[in-house]
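The structure appears right after this line, and notes come after that.
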Amino acid sequence: MVFSWNPLKLFRRISPGLARKKRLEALLTRIATDLATDHVSLWIALINAVRPSRAHRTDDAIAALSEFTQMLADAPDSRRVLRAALLKLFTDHKQTSLYVTSGLLPSTGFFSETARRITHRLLPEVVSRTYLKDLLTVIFHRKDDEIWVEAVPDEVWVGFFHALLGDETSRDEKTLPIALSEMLEALRILSYHVSAIGLDPELVRVDPQLEEVESPFLAQNTEIVAYLETYRAWWSNPEVTLGDKEAHIDVMLDQCREVLQRERRRASRLGTSLALTFTLERLRQHLERTRGLLGLLHELHQTRTVVSLLPQAVTLFKQTVRAECRKNRLSDYWSTNVGLLSLRMTESASKRGEKFITTTRREYFGMLGSAALGGFIIAFMSAFKIVLSSLHLAPLTEALCFCLNYGIGFALIHFLGGTVATKQPAMTANAIAASIGEIRGKTRDLENLATVVVRTFRSQFAAIIGNLGLSIPVAILFSFAFQHFTGHYFIDTAKADRLLADAHPLSGAPFFAAVAGVCLFLAGLIAAYYDNLTAYNRIPERLAQLRWPKRLFGEARAKRFATYIENNLGALAGNFFFGFLLGGATALGVLFGLPLDIRHIAFSSAYVGYAAAAYDFAVPINVLGVTAIGIALIGLVNLLVSFSLALYVAMRSRSITFAQGRIFSTLVLRRFFNRPLDFIFPPRSVEVSAAPNGNGGVHPSDGGNGHSN
């Protein structure tokens, strides 16, 4: 083995460490000699010295803070000055707002907070050095400071503050320190906030039980106020005991957390809104901050020393730095609240998605029949589209007609119990995301998930075969019937050439298919939104209480109609608006002069049927081959784009990271090579095992453990 020595490379490795050491030594000298420097400037200089050149170079920050900690241990004069500067931060500046507002959602509401962040992003608010909260933005003035502050391990920060404070104790103090007094006041304010949020009308609407029993949100306030008074008395007179007040507070806060969880479960079933989502998240944040401050007070009560608080204090320190660095970031705010809202909305989508995942052969053939009905209607929708385009209407009128043709047709397919193959991925993706959220990394759980994917794949295959298996022959039969009764071809060869060219792989069909895939994804979100709206506004109950439908149609029919709306309004709205999205995409292309269009596998296949009939089936074999490849590519892009977007949103809304992706991919590939037919047709054993309970029980040959998803 040959060893090479590169002095330049060695110098590059050593020089940052030397520069950092000189910078820290200069800081120590400044601290010890420049007594005129105010305490805020000292902390700004310290953070500037420790801060890495780039926020993601966290190793440099860890090394700098560790070195400076060691230097402080060897420099008592500098340590004494810096300790005094730290104490002045907590004695000369108001802290209450730091604990009560930093990192917590305000009471102004979702859109008001959005407007505030946009405004302060453009024109930052005035920084007042009276408040410790504002000083954090002065000391940690770079927007990415929270990255390296959080990356530095807690024990490194604890070591730094311990070296700074030493074994300072508060045992002999009888007067309540200002810092502790502000913390107690902050806890009292937080308790009042929790009481107010817990009785918000939105929460009471979702859970009327809050009005019928004693609210834990009011009870916790009573307990905390009494606890704070006793704590103040104990500080002046250590012989005063807190008794079991801390235990009572823990019980009350646990009850508040249980109510919060119950509200979220009921919201997922009864519907949610931005206001309710905002309120629930705000309540969660206030409860967590209350517990954090109570933990600090409990530890201080046990030891009466500041050093014992450091581990919990560092956690709070990191939270507040992060909050102040990101307080005007709109993306964080929206991702938190809209993510929670989308989770509530996609819960209903995942439940609908389970219906599109077949298990038994009976369900499989049912999917085939449902998709065949969809293909039958799509063939006539394609014919209407051809007729409308031949009328050469005004652009806006033509676009509206296209949208209505698509929208009414898709809604009719759903109303009659049909299935459109490409509508499935947006639904099944949510069901798969829910399954991923339930696994715990065990091989058995991954096997179950692989079973869900196999079933989803063959269900989608059945839907595509059903759509194409009837849309093409119905298009041909319609062309023959039109020719028989009118004596003319439904379309001429020039139109047939254009229809075949639209499906050519090199005609831009894959891109236009991706546009249709985005429309499919958006339609899934719209359907989920209307499902949530139906539950949130209690539309079925409001319909059921109307008198005129009962008088006009009879009470039984009116009740069935309300039940139908409850179960199908989201799907009907999603299908109808999906038609407008497809027609609107083409209209936007015309309006802005962009090459924007859509390609959908079912419509493209029907168009091929009309084109083949126009040529009396004399289409060259090479043209048919290329067209078949184009249709397959259109279908693949339709499915992949809509499924990927829906899966991404569903997983983000559940905060899911699929760390076992590689292992899972291997399991699916092994299934494919061992039992490829399972991806196309369900094994007979599944039907046998599912028959007793009708729940899609899984036989081992299907790779599951008795659960359908």
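Taking 30 Å as the cut-off for C-alpha to C-alpha distance, list the pairs among K22/K94; K88/K318; K94/K143; K21/K318 that go past it. Walk me through the numbers before you get to the answer.
On the way: K22/K94 35 Å; K88/K318 20 Å; K94/K143 23 Å; K21/K318 25 Å.
Listed pairs above 30 Å: K22/K94.
Between Y131 and residues 5 or more places away or on another chain, which pairs have amide H atoms under 5 Å apart, with H built 1.01 Å from N, and which residues are they?
K94
Amide H of L199: which non-local residues (sequence gap of 5 or more, or other chain) have their own amide H closer than 5 Å, using H built in the peptide plane?
For L199, no residues qualify.
Which whole number in µm²/s is D for the stretch 171-305 by Stokes-Einstein, with the Kirkwood Rh taken over Cα pairs at 25 °C and 0.890 mPa s?
Working: Rh = 15.9 Å.
It diffuses with D of about 154 µm²/s by this estimate.
Output ³J(HN,Hα) for the stretch 132-147: one whole-Hz value per residue in order, computed from phi by the Karplus curve 6.51 cos²θ - 1.76 cosθ + 1.60 with θ = phi - 60°, and x for Gly and Pro.
In residue order, the calculated couplings are 5, 4, 6, 5, 4, 6, 7, 6, 9, 7, 8, 5, 9, 5, 4, 5 Hz.
Please work out the ratio of the alpha-carbon Rg of the stretch 455-591 to 2.2 N^0.38 Å and round it to two decimals.
1.49
Mind putting together the pair-distance distribution for the stretch 33-101? All Cα pairs, 5 Å bins, whole percent per bin, short to long.
With 5 Å bins starting at 0, P(r) equals 3, 14, 19, 21, 17, 16, 8, 1.
With a cut-off of 8 Å between alpha carbons and a minimum separation of six or more residues, what is the relative contact order of the stretch 488-621 in percent? Before the final figure, lay out each step's value.
Numbers: 117 pairs, mean separation 57.7, N = 134.
With pairs under 8 Å counted, the relative contact order is 43 percent.
Using only the alpha-carbon atoms of the stretch 129-239, report the extent along each of the three principal axes, biggest first, to the nearest angstrom.
So the three principal-axis extents are 54, 45, 29 Å.
Which whole-percent values make up P(r) of the stretch 231-274 when all C-alpha to C-alpha distances are grouped in 5 Å steps starting at zero?
5, 19, 13, 13, 12, 9, 8, 7, 7, 5, 2
Excluding V515 itself, calculate the net charge of residues whose Cβ lies under 15 Å from the Cβ of V515, where each Lys or Arg counts +1 and each Asp or Glu counts -1. Numbers along the way, then the final one.
Working: positive: R599; negative: D502, D597.
Summing Lys and Arg as +1 and Asp and Glu as -1 gives -1.
Separation between the V156 and A26 pseudo-spin-labels, each 7 Å from Cα along Cα→Cβ, expressed in nm?
2.2 nm
By its C-alpha gyration tensor, with a ≥ b ≥ c as the square roots of the eigenvalues, how is the stretch 460-501 shaped: rounded for a/c under 1.5, else prolate for a/b larger than b/c, else oblate? Don't skip to the end; give the middle numbers.
Details: a/c = 6.42, a/b = 1.64, b/c = 3.92.
Oblate, because a/c is 1.5 or more while a/b does not exceed b/c.
What distance in nm separates the simple spin-label points at E541 and L404, each placed 7 Å from Cα in the Cβ direction?
For the pair E541/L404, the computed spacing is 3.7 nm.
Expressed as cubic angstrom per residue, what is the convex hull volume of the alpha carbon set of the stretch 16-168?
Numbers: hull volume 20.8 nm³, N = 153.
Per-residue hull volume (Cα only) is 136 Å³.
What is the Rg over Rh value, at two decimals, for the stretch 86-151, using alpha-carbon atoms and the Kirkwood definition of Rh?
Values: Rg = 13.5 Å, Rh = 13.6 Å.
Reported Rg/Rh (Cα atoms, Kirkwood Rh): 0.99.
Go through the stretch 71-84 residue by residue and turn each phi into a ³J(HN,Hα) via Karplus (6.51, -1.76, 1.60, θ = phi - 60°); whole Hz please, and just put x for glycine and proline.
Result, ordered by residue: 5, 4, 4, 9, 10, x, 5, 5, 5, 5, 5, 5, 5, 4 Hz.
Using θ = phi - 60° and the Karplus relation 6.51 cos²θ - 1.76 cosθ + 1.60, list the HN-Hα couplings for the stretch 21-28 in order, rounded to whole Hz, with x at every Gly or Pro.
So the Karplus estimates, Gly and Pro as x, are 5, 5, 5, 6, 5, 5, 5, 4 Hz.
Coordinate-derived values only; no laboratory data. This one's a predicted model, so the numbers in the text were calculated from it and none came from an experiment. Because the Cβ atoms are built from the backbone with ideal geometry, glycine has one as well, and the counts that use them run over all protein chains shown.
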